[in-house]
Each structure stands twice: as structure tokens, then as C-alpha cells.
Amino acid sequence: MAAIGTRVLSVLLFLSLSNLASSLYEDQVGLMDWHQKYIGKVKHAVFHTQKAGRKRVVVSTEQNVIASLDLRHGDIYWRHVLGADDAIDGIDIALGKYVITLSSGGSILRAWNLPDGQLVWESILKGSSPSKIMLIVPTSFRVDRENLIFAFAGGCLHAVSSIDGEIIWRKDFAAKSLEVQQVIQAPAEETVRVLGYVESSQFHAYEINPRKGDEIKHVNVDFPGGLSADTVLVSDDVLVALDATRSVLLTILFQDGEINFRKTQILSLVDDSHGVVEILPCKLADMFALKTNKFLVLAKVMDGGVVELVEKIKEAAALSDAVSLSESQQAIALARHENQKLHIIVKPVHDWNIDLLKETIKIDNQRGLVHKVFINNYVRTDRSYGFRALIVMEDHSLLLIQQGEIVWCREDGLASVIDVTTSELPVEKDGVSVSKVEQSLFEWLKGHILKLKGTLMLASPEDVAAIQNMRLKSSEKSKMTRDHNGFRKLLIVLTGSGKVFALHTGDGRIVWSLLVQSLRKSEKCDYPTGLRIYPWQVPHHHAMDENPSVLVVGRCGPSDDAPGLLSFIDAYKGEELDSLVPIHSIVQVIPLPFTDSTEQRLHLLVDANQRAHLYPRSPKALTIFHSEISNIYWYSVEADNGIIRGHVSKGSCSHDEDEYCFDPKDLWSVVLPAESEKIVASETHKINEVVHTQAKAIADQDVMYKYISKNLLFLATTAPKGSGEIGSATPEESWLVVYLIDTITGRILHRMTHQGSQAPVHAVFSENWVVYHYFNLRAHRYEMSVVEIYDQSRADNKDVLKLVVGKHNLTSPVSSYSRPEVTAKSQSYFFTHSVKAITVTSTAKGITSKQLLIGTIGDQVLALDKRYLDPRRTVNPTQAEKEEGMIPLTDSLPIIPQSYVTHALKVEGLRGIVTVPAKLESTTLVFTYGVDLFFTRLAPSRTYDSLTEDFSYALLLITIAALIVAIFVTWIWSERKDLQEKWR
Amino acid sequence: MEKGKGVMGAGRRWAVDFTDNSTSPASRDVPDPLGFSRASLDQDDSAVSRQKKDAEANWKSQKAWEVAQAPFKNLMMMGFMMWMSGSTVHLFSIGITFSALWQPLSALQGVGKVFEPYKDNKVELLVPKLLYIALNLGGLALGVWKLNTLGLLPTHASDWVSSLPPAQEVEYSGGGIPLH
């Protein structure tokens, strides 16, 4: 039947050969795709509100984004996403028209045009050793009518012209073994002060001429007790530091070329300061903030360096930097939580008893605590001071608060998506009211008449706009119920802030969001991070009434052996059902192909000692697992040691009485030679992949049997020298070795070496093939290779008669221990782009042909037909091969502009692509995440199983009606004519 | 076929028999005219009717043979059309192929009906019937052959294997590089 299928398909292909790429028309943009722009968690913010006109705030974020936001609506005026290793260290506005950023560990200084975000200049600063990074943009400093910017990075102080980025002078302090703590520009004295330690026991202060960079004055004082790197500048001539024991506060005064110390015991400020004391890096004029494990302590430095306690705050709170209201007045904003409410208090520095502003705002619980506050003041019409506060919350969202209200809010947590899973929506229920139906029927008719007008080219421009609007805002696609085609789903995303969002695939709106309690910092878990999200319970047969749930797997701390945490979340309500914190460490999660009676999927969690823990912890699950235990294996890839080990359960854990824990027994191991091979990538099948057939019909109706085993591991290793950056190794000393390993027996099915090639390797594994992308040093180009594996042991099953009567063993279960003989075919092609992510489309039954989805370096997604990566491609395919759809061999893979899935959009900072099958076999859903989110629907072989969205049903109905009328009329005519004939 | 039907009057609705074959004078109302010998007439009449019947039988068998050979023309026509339609799957070739399959099939179904008008005790219909069937079978074979050249017949292993689901695996494994 495949031949028939392929023949019919080849007809379809013939029709579509003229346009291999499934491109999009202009008016189809936004019909089934959506794109959301984010910036990430804000690190620094600088307001620009001086002039009338567009008020904006320039922010830099932890996702290395600099953006200019509209203060009225929170929209992005412009945005730049710097590279992943180009973290922003400082940001400021110079001359009122440039945004200055210092990034990449203080090595790149850039100026961007404030109104439109164009790059004005860029300077590379060369440092000599790692150090603190500081960016100082003087506000009123004029040196030879040229404003200078001071950037301290890499142990050197650079003075850079803000006009063109020229480095005027450079002074190396690392050479003097000075650990610079603070750089101050003192406007009154027209000097630059550099303060630092030598060997943490000597305090040095330099005064530097800003014009030429020469030293004016240098004083130093010994401090035998030792100093810690925690310092904060209280004013131009007072520095507060902690000593090495972190129990004594030092106020260092350096007036008139002299340095004076004053020690204050922290205990005298706070009675019970257990744990680590930190100085918060807030610039509070004349004040500083200390953080102990219980309190936030605000203290003021009086004349002579006397420290006086101002306030102890017990609740979670955040402080802003001081803003100057007038020459002498400065204000600080304090945001604190109290009874689920957020209080924003602005107080003048000189008198802490006065509140300039006190606002209480009710904030969604799911936003968590305040992490950062930035304030900006403006003069109201009644000449009093007004304040607006920009608040960064625990879930990374950004809020602007003004006059006691949230003006706007950005869900920037979605810029740090870690993992994605999907959930079906609830089934539509009966009982829709009649009036609603009538209304919708009327709407339906109206819509279709409009569409008909469009089809018949009778529509006026307004009608065209209405049609387009109707298509874009179709309520059909954003309904909260399951649809017949399976296009409507919930995308459940786990973000870096520990918040889980459910997005609707129809329009991308947030259905619910949940700040997972177990992923918040607590006593049990210090630094929780989310790792993965899995579907936990997908009810369909037995437990139809229950809501589906998802499993969030996390870890308390950065190392592999940190305790793990699990959280179970209801996928419809967005509530945490249960959580387990802390548990054993988690290095691997293996969803098993079994579900218990409530449709909960069995999962094996492997800990750092390779012990397997079974979840859910129920006796039923244990029974199911015990019956299958002999066929369940797990393996570990130790990338650092170059070892792959296979394990099987030896029995319940010996060290503790936990029947859900299983000790590993080592079955096999593959040890790679450390001196010549280093593991750079590994890839396996997607666990939910569906394969339709094991046979591949090739030219002349012949058949090849695919080796479809889910227990295959693709592994890529390079020479240790070749694992660095491209260009760091010569072609002779770099090679890439790829393996296909059976993970049950440890048998290496295929091994191939690419001489002169190197990492980075990106791979995708599907059915019986793996496609990987790497760099070819000899050709100076990226390459993509495909390996297809075929089962030789089944190749003899070619007798039609035997197949007809079912005398074959093609469907009987197979074991890896039978060691089937396999052959591999492979081919390589050049590919222009470097790749950030690569995946393959997946459909419900696996019948539709596949497309590779490649996240390019330009942050777009390119769809490439798998037929281009067919190892059987030849330069001159035969007629039969052509009929099969084989494309003549070319040395490079084509990049067809129309086949960009993201069309004109960019998914900035692209990190991953996820494909989810829809119910409709021809269609797959694609979700791409990075700093931005993008979702679309793809039909790799076109929608052969459904009518297109813009199919005119009205036209069809009218045609049918007209035909019926015509039939009746002609029938009557012919009857009449017959009668007349007979009378004649 | 239509012509033969009309001539033979198979679908005759009513008839008046002008010949009077009864021999006993008593049964007749009207006496025979003088000098009329019924016997001689009867004899003569039977000879004529036998002749007539022979002619009819001859004609019938001739017609039956003609009908039996009719599919041959069809066959040639079909062959030509198939040759014209080429070996790729498209609307025209599929249409031709299916008509080539349908015609012989429907003809074979109606074998009895086609030869009914020529049914006669004296006419040997078996051989024409067989020829007719053979020719139609030939047409069918041609259609099937065409179907095969189009690749629409499940005669290859690939046609049978593709619908088979992939074999289930006994073992299950998971793992990889530690999560980070």
C-alpha cells in the first residue's frame, strides 16, 4: 500500500515541487502564529524624563538585553540583545543622548543613540587582570569641552571620550597589585579618586588628574585586621567597608589628603547578627544598608564617621538608589511587604521621619517578593514631588507604579524559559445557550458573506481590513476548550525565576501563572533552580474527570549532588498539588512507558550515585515496576571522564529501607581515550516520538527496513584541542568522531570519524536517522551530516506471498540482545549558517514527511525538508528515484528564504525549539523560545487532510444551491418539452 | 444487439396468428373453399417454416458471434487509450484505467443478458459466450496490467510491509548527560 501511498504522494509532491518551501502570504501573518517580545530580569535602570516628550527608561537585564521602554505603556522603543557571553556590567546615559553600556566583563564599552538605539561607537578596553567593574559617567564634568567617561575594568582605569569612544588615557592599577574597590569622581575638586586595597591590609587612595591620567596624590594606611571586598561609598569622601571577619564596620574618611578610620562593631548596631553580614551595593547618600540573615539594617554615617542606626526592617524589602530632588535634598525609596501588600515609601535622606510618599499596592501573590526598586521623581503641577517606581519582582516581572497604581506590568520572566511541556485543554461541555448560538450563527454568516465578497473581489478596502481583523481575532482559536484538530493546547513553561506559566497556543496569552513555592528560596532549600518539566498525569481513559498535572523537577544548588526537589502542578487550575523538598539528588529523569490506574506516568529519577528512585511512590506503581524491572535499563554519560555506563537494577537499595529505591548494577561501559576524544554532544530520540512504519520504500518498489530502536544514543566526541573555539585548532589536530551506541548492551552500532572537523555539535535524532551539525576546518564551513541506520537482519522479508499471509516476524517484539546486523548510510553537506538549536517536526501518527527546524545564528527558525538530508542522494538520480522524490545531490544545503518559519520576525536569544504534534496528522505545532517567544503551526507536506482556513464555505454552499436550482429548472423544462413533443 | 431485438420481436406485446394449423374440418366455422386441399398446404407450409427457422437460427448464431467478438474492438481502443495516457498517475490515466477495469467487469456480469436474444435450441451459444468472456477477461487483464504499470497494485513487499507497525522493543532505557 505504501507504493500506492507514495505514488499518490508523488502527485501531491509534483504539485508542490514548484515551491518546496511552505511559504506564507503576507495576509497570513499572525493567523496561526504569535510572537512576544521580552527583555528579561532588569539589572539596572536609568530614567530619561528630563525633557518633555517621550519619557523612557533604559534598562539592562540579566539576559544581556538593553532596552528603552516607554514609561507610559511599558512598550519597547528599541532593544538590543547582546551575545550570551556579553553580560552587561554597567549602564548610564551620557550627554543626555547616548546610552553607555559596559559589557563582557568590562572589555567592551558601547554608546547607543538614545532615541533610536543605533550604535554610535564601540571601544574595546584591554585590561590586565580580573577586577571589579565600574562605569562612571560624570554628569557635569567638562574637560576641554569634552565629556569623559571613566570605565574601570580589568584592573585598569580608562578615560574614554563620550563623543567618539576614543580612549584618552589608561592607567593600570593591577600592576601596583591594587585591588580597586571604588572609583569616585569628585566634581568639586575636579579629580578622580581611586580607592583600593593592597593585599587586603593596606588601604590606598589615589587622586588622578582626569585630563591626562597622571597621579596627583597617593596616600595609604595600613590596616592590620584585614579588609573584605564588601565596600560601599557613602559620600564623596566616606567609604564604608567590612573587615575580614565581617564583624566590624569600618568607616574610612579621606579628607584633605588624609585617611582616618573608625571602627564600629556590628553587634552594637544589630543585637543578634548571626550569619554572614553583607553591605548592600545601594548608593544611598550618607547612608548605607546592611543585610544580615534576619534584618535589613539602614544606618547613617554622621560627622566624624560615627555610625548611627536608622531602621531595622524585618520583612523582605528592597531599597532604591538615592535620587536627588534638589541640590541638598535626596530621597530613597523603600519597598516592603506586609500582609500580602506592597508598601512603597519614599523618604528624604536627611530626615527619616518624614514620608515623602507612602503608597500601598495590592500585588498578585504569584509575583513574589520585590527584588529591585528604581525610583524617579517629577514635579507635579502643585510643585510637590511625585515619584514613579520601577519594581522588579521575584518572578522577574517589571512593574511601574505611580500614584498608588500599577501603570503597567511586563511578564519578563518569560524571557528565561527553561523547559516546556504541553497539556490538552478540557473537553467542550454541552449546554451552550441558544441565544449564543444564534448570535454566533449570525456572526458566522456575516463573516462568511464578507469572506465571499473578498473571494469574489467585491470587497472594499474597509471590508478587506474587517476580514483580516476577523481572521486575526477569531475567537475560535483562543477558546479554552479542546478542538477537533488539536491546535488548541496549553503550553506549560518553566522559567528561570521558578514561575510556571500556562500559555494558550491560540493567542499566546497567559492562562495562569504560578510561582512554585518549592522553587522559592527557603530554609530547606538554599538556591533552588528548576531543571525540567514533564507531563505527570494525562487523563484520558480511566480518569477522565481528573485534571492533568505536570511535574517540575528542580535542584537545591548548582552541583549535581545537591538535593533535588519535585513539585506537582495542576495543569488547569495552576495550583501546586504536592511537593517533595528536599529529596535525593537528581541527575536524570526517565519517564517510563507505563502509567498507573490514575494515568500517572511512572518516572525513574536517577541520583548522583546512579541509584534509581521510582515515582509515584505508590504500591500500585511499585507492582507495575516490579513486573517490568528486568527490562528497564539506564545509562549515564560522564562527559568529563569520557565514560558511558549502562546500568540495570540490582534490587532495592541496601543502605536504607526504601523500597522505591533501586541499586544499580553496572552492565557495560564504553571508555573513550581521554587523550584523543572528549564528549561534546549526545542525543537520543524524543520519548514521545511516533514512528509509523519500519519500512522505507525505495526506487523500484524495493524495501529497506529501518532500524528503529528507541534505545540508541548518538554521541559526538572531538579531539581535546578541537573542543575549544573554532580556529583554535588546525585541521590536522582536530577530528570529530560520532558514535551510535545501543544503550541496552553498550554495543557500538556505528562509528565514523570526520577528519579536520570540530565542535560545536548540534544533533537531532529521529526514527532511524540522526542529523548533526559541526564545523569543517578544512573547508572553513559548517557542515551537516546525516546517518541513517537500516536493519540487515530483516532485509530478507521480501516475499510478497509470505507477507500477504502474515508469515513474517516483522511485528514480533525485538530485543537488543539479538544483536541485529545493521548498516549505516551517511552523507555530508555544507550548510551556511551556524546553528543554535536543531529539532525535527513531529506529527500525531508519524506519516507526514519530516522537516528539520534549525534555529539559526540570526535567531530565526529555518525549515529544511528532510529529503535534502537523504544519504541516498546522487548526482544523477534515476527516473525511479526521481519519482520517489529524491533530490539530485548538491554539495550544500539550500536556504530558501520563504522557508523561514519565523518569516520576518526574530526570536532574540533563541535557545530552544519544541515541536508538538496536533491531532491533525498533517500539522505540527512549533514553539520557539529565547528572550522572545514564538509559536506557529507547520504542515511539512501541506495540509492534505483538511481544507485551508480561508476556504470559502459560503461560496461552496451558494454553488451547491445554485446547482440544485439549476437541476430543478432544467427538469421542469424538459418535462414540459416532452409533453409538447407528445402532443405534436 | 438493439437491432437484433427489434427484428426478432423478442419484446413483442401482442400477435394475431393468421395461419390456421388445425386439421379437423369440424372445428372450423367456415368450410374450406372448393379445390382447396388442406393437406398439401400444410405440408408446404411446414417446409417453409422450417426453412425460415433455419435461416433464423443461422442469423442468430451469426449475430451471437458478432456480439462475442465486439469486445475485441473495445480492447484495441482501450489499448490505444492506455498507451496515450502514459505511466504516471494522474486524473486521465486513472480514469482510463478504471474504465478499462469497469467495462469488462460489467460486461461479464451481463453475459447471460447479452446472449439471451440468440437463445435457441438449434443455436450453439457456448463457444461465442466463451469467446466473449475470454475477450472481456483480456480487457480486464489489460486494465490490471495498466494498474500495475501505474504502480497501484500491491505486488511488492513494500506495499505489505508499510502498513505494519514497527516491532515493539522488549527493553527500555533512558539516561544521558546529567541534567543542568
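The values are calculated or read from the model by the stated rules, or taken from the named source; none is laboratory data. Keep in mind that what you see is a predicted model, and the values were worked out from it rather than measured. Quick reminder, even Gly has a Cβ in these numbers, built from the backbone with ideal geometry, and neighbours come from all protein chains shown.
Here are a few things to note about the model shown:
- Selected residue (criterion: farthest from the chain's Cα centre (by Cα)) from residues of region B:84-115 that are farther than 17 Å from B:LEU140 by Cβ and of a type in the set (Phe, Trp, Tyr): B:PHE92
- The condition (being surrounded by fewer than 15 Cβ atoms within 10 Å (Cβ to Cβ) and of a type outside the set (Asp, Glu)) is satisfied by just one residue among A:THR848, A:THR856, A:THR823, A:THR839: A:THR823.
- Residue selected from region A:553-567 under the condition away from chain B (no Cβ under 12 Å) and crowded, with 20+ Cβ neighbours inside 10 Å, by the criterion farthest from A:LEU494 (Cα to Cα): A:CYS556
- If only residues of region B:139-180 that are over 55 Å from the mean Cα position of the chain (by Cα) and hydroxyl-bearing (Ser, Thr, Tyr) are counted, the one that is surrounded by the most Cβ atoms within 10 Å (Cβ to Cβ) is B:SER173.
- Checking A:VAL392, A:VAL407, A:VAL417 one by one, the residue that is modelled with pLDDT of 90 or more and touching a helix residue (DSSP H, G or I) at 6+ places or on another chain (Cβ under 9 Å) is A:VAL392 and no other.
- Only residues that are farther than 16 Å from A:GLN265 by Cβ, of a type in the set (Asp, Glu) and over 33 Å from the mean Cα position of the chain (by Cα) were counted in region A:277-327, giving 4.
- When A:LEU580 is tested against (1) surrounded by fewer than 20 Cβ atoms within 10 Å (Cβ to Cβ); (2) in contact with a Ser or Thr (Cβ under 6 Å, 6 or more places away or on another chain); (3) more than 12 Å from chain B (Cβ to nearest Cβ), only condition (2) is not met.
- The one condition in (1) touching a helix residue (DSSP H, G or I) at 6+ places or on another chain (Cβ under 6 Å); (2) more than 14 Å from chain B (Cβ to nearest Cβ); (3) of a type outside the set (Gly, Ala, Ser) that A:PHE594 fails to fulfil: (2)
- So A:ASP702, is it within 14 Å of chain B (Cβ to nearest Cβ) and closer than 30 Å to B:SER163 by Cβ: yes
- Members of region A:676-725 found to be under 24 Å from A:ASN797 (Cα atoms) and β-branched (Val, Ile, Thr), listed by number: A:VAL690, A:VAL691, A:THR693, A:ILE698, A:VAL703, A:ILE708
- Matching helices (runs of 4 or more DSSP H) fully within region B:75-171 where at least 3 residues are at the interface with another protein chain (Cβ under 10 Å from one of its Cβ atoms), in contact with a Leu (Cβ under 7 Å, 6 or more places away or on another chain) and not polar (S, T, N, Q): B:157-161
- For region A:75-185, the strands (runs of 3 or more DSSP E) that sit wholly inside it and include 3 or more residues that are surrounded by fewer than 15 Cβ atoms within 10 Å (Cβ to Cβ) are A:119-124.
- Here A:LEU938 fulfils each of the conditions (1) surrounded by 19 or more Cβ atoms within 10 Å (Cβ to Cβ); (2) more than 29 Å from A:VAL29 (Cβ to Cβ) apart from (2).
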